[in-house]
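Please read the structure below before turning to the comments.
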Amino acid sequence: MLALTLTPLGIAGACSSSDPSTPPSGGGENDAALDSIVRGTDAAFDSPLADSAADSANPPDSSGPLPTGLARFVNPIIGTKGGETWPGADLPFGMLQFSPETTRGNQTRTPAPGGYAHSAMKIRGFSLTHLSGTGCAGAFGDIPFFPHAGTVTTSPTADTTDKIYASTFLRPNEQAIAGYYGVTMDSKVRAELTATMRTGSARFTYPADKPATLLIRASNSELGSTEAHVSIDAASRTITGSVTSGNFCGYIYGTAGNVDRRSYYTLYFHAEFDRPISATGSWHDNVVTPGSTQSNGGTSYGNDGYPPAGKGSGAYAVFDTGGQPVNMRVGISFVSAANAKANLDAENPQGTTFESVKQKAWDAWNEKLNRVEVTGGTDDQRTTFYTAVYHSLLHPNVFNDVNGDYVGMDNNVHKLSAGQNAQYANFSGWDVYRGQLQLVTLLEPTIGGDIAQSLLNQADQNNGVWDRWTHAQGGTHVMTGDPGHAAVPSIYAFGGTNFDATSALKSMVHAATTVTEDDKSKRGWNVMVVGERPSLDKYLTLHYVPAYGSRAEEGNAWGGASETLEDVVADFGVAQLAARLGQSATHDEFLRRSGYWRNNFNPAAHSTGGYIQDRRYDGTWVTPFSPSTEDGFAEGSSAQYTFMIQHDVGGLFKAMGGNEKATARLDRFFHFDNGLWALTGSGGEHAEINNEPSVAAAWMYNFVGAPYKTQDTVREIINEHWKNSEIGIPGQDDLGAMSAWYAWSALGLYPQYIGRSELLLGTPLFTKAVIRNSKGRTITINAPGATANTRYVQSVSVNGQTSARAWVPESFLAGDGTLDFAVSPQPNKAWGADPADTPPSFPPPP
């Protein structure tokens with residue numbers, strides 16, 4: 001997650017709003033800066049704590065489909081205020097995401113990274129590509145189409161405040177359901193969107209007394225473009241074109257420090273219409289040319305990383321509607337214009353009706369959501385749950401065309417690997433390795449395996465480098481750690497074995513043991529350091545990543561201490577995959593490395609005990625120190641990161657002084673001194689459950705014989721911070737990472753270990769849940785009497801056998817399994833309290 005404020009040392013968790021034109025400084029101190037800079041938004045951003053949920057109701061789509069199946073519980077409006085989600089139409093893992101681009105009157109500042117902010121009540125277009133929940137702007141927003149009821153008399157690009165060529169709308173006139181979005185704007189134009197895997201269908205209904213004009217803002221990707229083209233063929237009722245873009249996080253830092261201020265993908269589109277085109281025109285910058293059928297030119301990226309206002313190109317078509325809606329079918333491809341047309345012909349051919357595409361999209365969502373069938377709970381709880389599963393299945397995205405072509409990270413066209421069903425792109429590594437990919441693989445093992453193969457393919461095409469945040473075919477290097485090395489072993493552990501695991505392991509071991517020049521480089525510091533493992537040379541010799549500094553012997557990672565922890569997580573994952581593949585020497589080596597966290601643990605760090613602390617290359621500790629410090633940590637504090645040692649919790653708690661002290665530490669982490677909850681926005685000494693470093697901590701009471709405290713804490717988070725409303729996600733959703741945490745937690749399960757498939761047990765929210773994955777395996781979770789208030793487990797049986805363990809072993813997922821929970825409003829402090837029932841830890845060899 002690129003969280004809510006930027007500091008010169010990174011992006012941290014507090015929330016502020018200021019002039020987005022002011023860039024952050026590039027120094028090394030922790031000064032609060034601008035949420036709007038981080039997001040690339042205008043200054044009036046959406047706060048997840050602002051406003052009420054008064055208009056969170058999601059009006060049903062009056063024209064169908066019929067509300068049948070579990071898709072009826074999906075509310076795409078959830079998270080559109082603060083969670084950076086968007087409400088548009090798509091399929092599970094779809095290449096195309098058809099969603100509105102809202103505006104507050106600033107052509108170059110999207111109001112939210114997903115293109116849609118719940119409180120921005122004006123629409124300037126409907127784009128074909130989006131990412132859900134990102135903290136940085138620049139995640140697609142390609143080819144906005146805008147149905148304009150009127151003539152084009154000036155260049156739309158010259159409309160820098162979106163005063164003319166945009167329209168306000170009212171919330172009751174907007175509908176969003178799974179696979180469909182519709183809105184009637186105040187211009188009286190109604191826009192409806194739906195999608196297939198690689199195509200979209202739009203239906204634009206214009207007022208009878210106004211010209212039916214469609215703008216194609218070819219150059220206006222979310223953070224601009226370096227090239228764009230659009231061409232209209234009125235005779236064939238076809239509009240085609242492309243945009244070359246990228247620039248993810250491109251506004252962060254100055255030109256010298258930003259390595260993402262560049263284009264790295266081209267999106268092609270091919271659109272066909274069912275109504276005659278009666279007039280055309282085009283524009284470039286401030287010049288409009290009536291009658292023209294072509295236009296070229298990108299916006300460029302300005303010195304601040306944003307597209308300069310008033311720059312870019314596009315075209316418009318006027319339709320002879322005959323009083324009927326204008327239907328558009330559009331295919332996309334990242335390979336070629338011909339492939340965009342081929343995708344359209346294959347998935348959405350001429351004669352396909354809007355309603356039939358809409359119904360198939362609904363059916364596709366029902367198929368995926370039916371993998372998890374819950375019973376009980378309120379309508380709001382089921383809606384919150386199924387929308388979380390929905391958000392968990394949006395990404396990564398199918399990236400190959402119907403003929404198997406895709407562009408690799410080497411910018412060459414490739415075919416799918418042998419046995420591969422799809423190539424996937426858009427990997428928000430730092431976020432999704434913690435639970436989202438495990439959930440995807442549990443439900444769809446073959447998709448999980450294809451994702452793992454996709455990551456290996458990307459690395460092979462990228463000179464062996466596993467980039468931590470890939471966008472289309474581009475590596476952005478955003479965030480920290482080596483998340484691909486954590487993700488692939490976890491996918492394998494959860495049943496996604498249909499990939500070349502032996503080659504993946506070989507590649508990962510090479511990357512984790514071979515120092516590259518980029519690993520030693522400070523380019524891109526701090527958010528987008530270019531090396532796969534920054535300071536790998538120091539990690540291999542010192543066995544920790546030293547604190548950042550300008551001298552060669554000092555560290556070059558975003559945060560030295562947190563980078564050590566991230567590398568340790570990755571090494572533990574590599575060790576687990578090596579063990580599964582029978583490579584014992586590799587397992588032993590990387591398990592030993594997984595204990596390097598101890599080299600950043602200072603038992604005398606603070607009067608309250610030991611903490612993970614930043615350490616200089618000469619072995620001395622960085623001071624002054626407090627548990628709330630962010631020195632040495634990426635998007636978090638020492639107190640928050642200290643609990644991010646998930647595979648060796650026993651070792652961590654022993655280092656803290658034993659279970660009693662560890663329990664007290666957890667209690668202080670989640671509560672103020674007066675006993676009130678401190679779950680988010682409570683300062684660096686407390687949890688920040690809206691960001692990834694804190695998400696596992698609530699489950700760690702299971703390791704100290706107090707699982708009832710895990711049950712209490714997790715349920716408090718579920719009840720108070722997840723809602724069926726626009727503010728229903730506590731922080732940016734990070735391509736489904738946070739939603740996956742909620743889905744696991746509502747089921748009463750948690751994937752604690754990277755590269756392994758043991759599950760910790762909490763309290764189910766629903767009376768029954770049945771998970772049926774795509775390979776026919778079934779997990780049944782029974783919890784009669786479960787409600788929001790029955791937050792405690794009284795007893796558990798696993799496959800009919802009573803168990804006092806607050807976890808289940810890997811063997812539970814090897815076949816069909818049943819968990820039976822007895823739940824109560826009162827805690828059973830004895831259940832799971834015996835040290836013999838503690839979940840396992842995996843310390844390094846002595």
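The values are calculated or read from the model by the stated rules, or taken from the named source; none is laboratory data. As the structure is a prediction and not an experimental result, all values here were calculated from the model. Cβ coordinates were reconstructed from backbone atoms using ideal geometry, including for glycine residues, and neighbour counts include every protein chain displayed.
Looking at the structure I just gave you, is A112 crowded, with 24+ Cβ neighbours inside 10 Å, touching a helix residue (DSSP H, G or I) at 6+ places or on another chain (Cβ under 8 Å) and under 22 Å from T199 (Cα atoms)? Spelling it out, it is not the case that A112 is crowded, with 24+ Cβ neighbours inside 10 Å, touching a helix residue (DSSP H, G or I) at 6+ places or on another chain (Cβ under 8 Å) and under 22 Å from T199 (Cα atoms). For first residues located in segment 593-619 and at positive phi, partners that are at pLDDT 95 or above and lie 6+ apart or on another chain with Cβ distances below 7 Å form the pairs G609/M656; G609/G657; G609/K661; G609/R665. Comparison of A579, A655, A561, A604 shows that the only residue that is surrounded by fewer than 23 Cβ atoms within 10 Å (Cβ to Cβ) and within 31 Å of the chain's Cα centre (by Cα) is A579.
Taking each residue of segment 567-586 that is touching a residue at least 12 places away in the same chain (Cβ under 8 Å) and looking for partners that are among the acidic types (D, E) and surrounded by 19 or more Cβ atoms within 10 Å (Cβ to Cβ) with beta-carbon atoms closer than 6 Å, six or more apart or interchain, yields A570/D482. Of the listed requirements (1) of a type in the set (D, E, K, R); (2) assigned by TED's automatic domain parsing to the domain that holds R109; (3) surrounded by fewer than 24 Cβ atoms within 10 Å (Cβ to Cβ); (4) closer than 28 Å to I78 by Cα, D379 misses just one: (2).
Condition check: over 30 Å from V74 (Cβ atoms), at pLDDT 95 or above and not assigned by TED's automatic domain parsing to the domain that holds N400. Does S236 satisfy that? Answer is yes for this residue. Among the conditions (1) in a loop (DSSP other than H, G, I, E, B); (2) buried (at least 23 other Cβ atoms within 10 Å of the Cβ), the only one that S745 does not satisfy is (1).
The residue that is farthest from the chain's Cα centre (by Cα), among those in segment 813-839 that are surrounded by fewer than 18 Cβ atoms within 10 Å (Cβ to Cβ), among the hydrophobic types (A, V, I, L, M, F, W, C) and assigned to a loop (DSSP other than H, G, I, E, B), is A830.
Residues that are outside any strand (DSSP E or B) and over 25 Å from P76 (Cα atoms) were ranked within segment 190-216; the one that is nearest to the chain's Cα centre (by Cα) is Y206. The residues of segment 695-735 that are in contact with a strand residue (DSSP E or B) (Cβ under 7 Å, 6 or more places away or on another chain) and in a loop (DSSP other than H, G, I, E, B), listed by number, are D734, L735.
Scan segment 415-427 residue by residue and report those that are in a strand (DSSP E or B) and out of contact with any strand residue (DSSP E or B) (no Cβ under 6 Å at 6 or more places or on another chain). Can you show your working first?
As a first pass, look at segment 415-427 and keep what is in a strand (DSSP E or B): 415, 424-425, 427.
Matches in segment 415-427: K415, Y424.
Candidates are the residues of segment 270-301 that are without any contact (Cβ under 8 Å) to a residue 24 or more places away in the chain and part of a loop (DSSP other than H, G, I, E, B); the one that is nearest to N339 (Cα to Cα) is S292.
To keep it simple, each residue is scored yes or no on (1) surrounded by 22 or more Cβ atoms within 10 Å (Cβ to Cβ); (2) closer than 30 Å to S811 by Cα; (3) not assigned by TED's automatic domain parsing to the domain that holds W525.
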| site | (1), (2), (3) |
| --- | --- |
| R592 | no, yes, no |
| N600 | yes, no, no |
| Y617 | no, no, no |
| F633 | yes, no, no |
| F643 | yes, yes, no |
| H647 | yes, yes, no |
| R665 | yes, no, no |
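Annotation note: of D431, D410, the sole residue that is among the acidic types (D, E), free of Cβ contacts under 8 Å to residues at least 60 places away in the same chain and not assigned by TED's automatic domain parsing to the domain that holds V335 is D410. Among the conditions (1) without any contact (Cβ under 8 Å) to a residue 40 or more places away in the chain; (2) touching a Gly at 6+ places or on another chain (Cβ under 9 Å), V243 misses just one, which is (1). Of S187, S221, S225, all but one fail to be in a loop (DSSP other than H, G, I, E, B) and either farther than 20 Å from G115 by Cα or not assigned by TED's automatic domain parsing to the domain that holds P67 (or both); the exception is S187. Taken as a whole, the condition of being of a type in the set (S, T, Y), part of a strand (DSSP E or B), closer than 19 Å to E685 by Cβ and within 30 Å of the chain's Cα centre (by Cα) does not apply to Y641. Given G632, G619, G609, which one is closer than 27 Å to G705 by Cβ and not polar (S, T, N, Q)? Exactly one of G632, G619, G609 is closer than 27 Å to G705 by Cβ and not polar (S, T, N, Q), namely G609.
For first residues located in segment 330-347 and over 15 Å from Y265 (Cα atoms), partners that are part of a helix (DSSP H, G or I) and among the basic types (K, R) and lie 6+ apart or on another chain with Cβ distances below 7 Å form the pairs G331/K341. Of the strands (runs of 3 or more DSSP E) lying entirely inside segment 750-812, those containing at least 1 residues that are out of contact with any strand residue (DSSP E or B) (no Cβ under 7 Å at 6 or more places or on another chain) are 801-803.
Among N411, N348, N366, N400, which is touching a strand residue (DSSP E or B) at 6+ places or on another chain (Cβ under 9 Å) and surrounded by fewer than 24 Cβ atoms within 10 Å (Cβ to Cβ)?
Values: N348 fails: surrounded by fewer than 24 Cβ atoms within 10 Å (Cβ to Cβ); N366 fails: touching a strand residue (DSSP E or B) at 6+ places or on another chain (Cβ under 9 Å); N400 fails: surrounded by fewer than 24 Cβ atoms within 10 Å (Cβ to Cβ).
N411 is the lone residue from the list that is touching a strand residue (DSSP E or B) at 6+ places or on another chain (Cβ under 9 Å) and surrounded by fewer than 24 Cβ atoms within 10 Å (Cβ to Cβ).
On the basis of being over 30 Å from V515 (Cα atoms) and either more than 20 Å from the chain's Cα centre (by Cα) or part of a helix (DSSP H, G or I) (or both), does A459 make the cut? Before the answer, list the steps.
On the way: over 30 Å from V515 (Cα atoms): no; either more than 20 Å from the chain's Cα centre (by Cα) or part of a helix (DSSP H, G or I) (or both): yes.
When the stated conditions are applied, A459 does not pass them.
Per-residue answers, yes or no, for (1) buried (at least 18 other Cβ atoms within 10 Å of the Cβ); (2) modelled with pLDDT of 95 or more:
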| site | (1), (2) |
| --- | --- |
| N247 | yes, yes |
| I252 | yes, no |
| T266 | yes, yes |
| G281 | yes, yes |
| V287 | no, yes |
| G297 | yes, yes |
| D304 | yes, no |
| F319 | yes, yes |
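Which members of segment 140-162 meet the condition of being among the acidic types (D, E) and touching a Phe, Trp or Tyr at 6+ places or on another chain (Cβ under 7 Å)? Even if it seems obvious, please write down each step before you answer.
Pass one, segment 140-162, residues among the acidic types (D, E): 142, 159, 162.
The answer is D159, and nothing else.
Picking from residues in segment 520-544 that are within 25 Å of the chain's Cα centre (by Cα) and not hydrophobic (A, V, I, L, M, F, W, C), the one that is surrounded by the most Cβ atoms within 10 Å (Cβ to Cβ) is P534. For segment 546-557, does any single residue satisfy the condition of being in the same structural domain as D431 (by TED's automatic domain parsing), free of Cβ contacts under 8 Å to residues at least 60 places away in the same chain and touching a strand residue (DSSP E or B) at 6+ places or on another chain (Cβ under 7 Å)? Scanning segment 546-557, I find at least one residue that is in the same structural domain as D431 (by TED's automatic domain parsing), free of Cβ contacts under 8 Å to residues at least 60 places away in the same chain and touching a strand residue (DSSP E or B) at 6+ places or on another chain (Cβ under 7 Å), so the answer is yes.
The helices (runs of 4 or more DSSP H) found entirely in segment 521-637 that carry 2 or more residues being more than 19 Å from A487 (Cβ to Cβ) and of a type in the set (A, V, I, L, M, F, W, C) are 536-542.
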